[in-house]
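K.L.:
My structure is below; once you've seen it, I'll send some questions.
The values are calculated or read from the model by the stated rules, or taken from the named source; none is laboratory data. Since the structure is predicted, the reported quantities are computational estimates derived from the model, not experimental observations. Backbone-built Cβ (ideal geometry, glycine too); neighbour counts: all protein chains shown. Just so you know, the surface numbers come from the protein's heavy atoms only, side chains and all, with ligands and any DNA or RNA stripped out. Shrake-Rupley method; radii C 1.70, N 1.55, O 1.52, S 1.80 Å.
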Amino acid sequence: MITRFAPSPTGLLHLGHAASALHGWQAARAAGGQFLLRIEDIDATRCRPEFTTAILEDLGWLGLDWDGPVRVQSAHFPDYRAALAQLEARGLLYPCFCTRAEIAAAPHGPDDMPVYPGTCRAISARDRAARIAAGQGYGLRLDMAAACGCVGTLAFHERGVGRITCQPARFGDVLLARKDTPASYHLCVTHDDALQGVTLVTRGVDLFAVTDLHVLLQALFGWPTPDYAHHALLTDADGKRLAKRDKALTLRALRAAGHSPAAVRAMAMGQSAPAGPGRYA
Ligand code: GLU
């Protein structure tokens, strides 16, 4: 059993992160397996090194230990580029020159991102080459229809639920590299789970839908599909999910308020609610 916690250092860890980490840590320790820590800092516009430092410190305070070195994604861009090159060589990617504003009005998919209307899929090879030569910025999109044509029926095992059949096509031609970020979360997370031999992914249920994309990428690359265990999200007193802006429930704030690591572990696992907001949906 190999589990992992893979936070993005875009803010301080809160109780929801602690739940993801604890589920993975407990599963690994109970099975005599390994628990890995990975920092998903591919988006340089949103991630900050001081949050990485805080994550390591907060997890240590919480009483979690991890096995082996911490993988920091920003140090491995060539790995992700090589994976993208494989898909490109199979004709499964195309450059997209659209700006966010140009596609913002498209209907949104299950991940609440606009489903790409396919504008740049139709651009001829000659025009693409000319635009790139002219220095126009571009991302890389997966040709979803072509990708789905390469694989059979896809499914994964959700712990405590059973077999979930995947429907990745509903996401449309997803971006696997952005103009300003050489690889997307979906590519990097599946690449690294495979590289690191992760057998159980524990994370919030907000990532349940995009698991379909991850399973598609695993099938395209011939990577194994781990088991998944998506946990409920912590919500505030109004039933809204906790976000990084909810400062009161960061591990830092709880620690400063005098809660012990054991008490915070219990809160995160839904065994006791902190005074005030914070409970499972
Ligand atoms: N890095 C992602 C996040 O912080 C989580 C990735 C995952 O657990 O699959 O939202």
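K.L.:
For segment 50-63, enumerate the residues that are free of Cβ contacts under 8 Å to residues at least 60 places away in the same chain and open to solvent by 10 Å² or more (accessible area, probe 1.4 Å). Spell out how you get there, then give the answer.
P.N.:
Within segment 50-63, the first condition is being free of Cβ contacts under 8 Å to residues at least 60 places away in the same chain, and the residues that meet it are 50-53, 55-57, 59-60.
Correct list: 50, 51, 52, 53, 56, 57, 60.
K.L.:
Filtering segment 1-24 down to residues that are of a type in the set (Ser, Thr, Tyr) and surrounded by 22 or more Cβ atoms within 10 Å (Cβ to Cβ), which residue is nearest to the ligand (Cβ to nearest atom)?
P.N.:
So the first thing to find is which residues in segment 1-24 are of a type in the set (Ser, Thr, Tyr), and the list is 3, 8, 10, 20.
After this cut, where a residue has to be surrounded by 22 or more Cβ atoms within 10 Å (Cβ to Cβ) as well, the list is 3, 20.
Values: 3: 10, 20: 7 Å.
By that ranking, first place goes to 20.
K.L.:
Being open to solvent by 20 Å² or more (accessible area, probe 1.4 Å), under 23 Å from residue 182 (Cβ atoms) and in contact with a strand residue (DSSP E or B) (Cβ under 7 Å, 6 or more places away or on another chain) narrows it down to one residue among 71, 81; which is it?
P.N.:
Values: 81 fails: in contact with a strand residue (DSSP E or B) (Cβ under 7 Å, 6 or more places away or on another chain).
Testing whether each residue is open to solvent by 20 Å² or more (accessible area, probe 1.4 Å), under 23 Å from residue 182 (Cβ atoms) and in contact with a strand residue (DSSP E or B) (Cβ under 7 Å, 6 or more places away or on another chain) leaves just 71.
K.L.:
Test residue 27 against the criterion of being at pLDDT 95 or above and buried (at least 20 other Cβ atoms within 10 Å of the Cβ), and give yes or no.
P.N.:
Working: at pLDDT 95 or above: yes; buried (at least 20 other Cβ atoms within 10 Å of the Cβ): yes.
Yes.
K.L.:
Does residue 235 meet the test of being within 15 Å of the ligand (Cβ to nearest atom), at pLDDT below 95, open to solvent by less than 50 Å² (accessible area, probe 1.4 Å) and out of contact with any Gly (no Cβ under 7 Å at 6 or more places or on another chain)? Full working, then the answer.
P.N.:
Numbers: within 15 Å of the ligand (Cβ to nearest atom): no; at pLDDT below 95: yes; open to solvent by less than 50 Å² (accessible area, probe 1.4 Å): yes; out of contact with any Gly (no Cβ under 7 Å at 6 or more places or on another chain): yes.
So residue 235 does not fit the description; no.
K.L.:
Could you tell me whether segment 203-223 includes any residue that is on the phi > 0 side of the Ramachandran plot and free of Cβ contacts under 8 Å to residues at least 40 places away in the same chain? I'd like the intermediate steps shown before the answer.
P.N.:
The initial filter retains those residues of segment 203-223 that are on the phi > 0 side of the Ramachandran plot, namely 222.
Then keep just the ones that are free of Cβ contacts under 8 Å to residues at least 40 places away in the same chain; that gives 222.
Yes: one or more hits.
K.L.:
Tell me which residues, restricted to segment 190-224, are part of a loop (DSSP other than H, G, I, E, B) and crowded, with 22+ Cβ neighbours inside 10 Å.
P.N.:
Pass one, segment 190-224, residues part of a loop (DSSP other than H, G, I, E, B): 196-199, 208-210, 222-224.
Residue satisfying the conditions is 198 alone.
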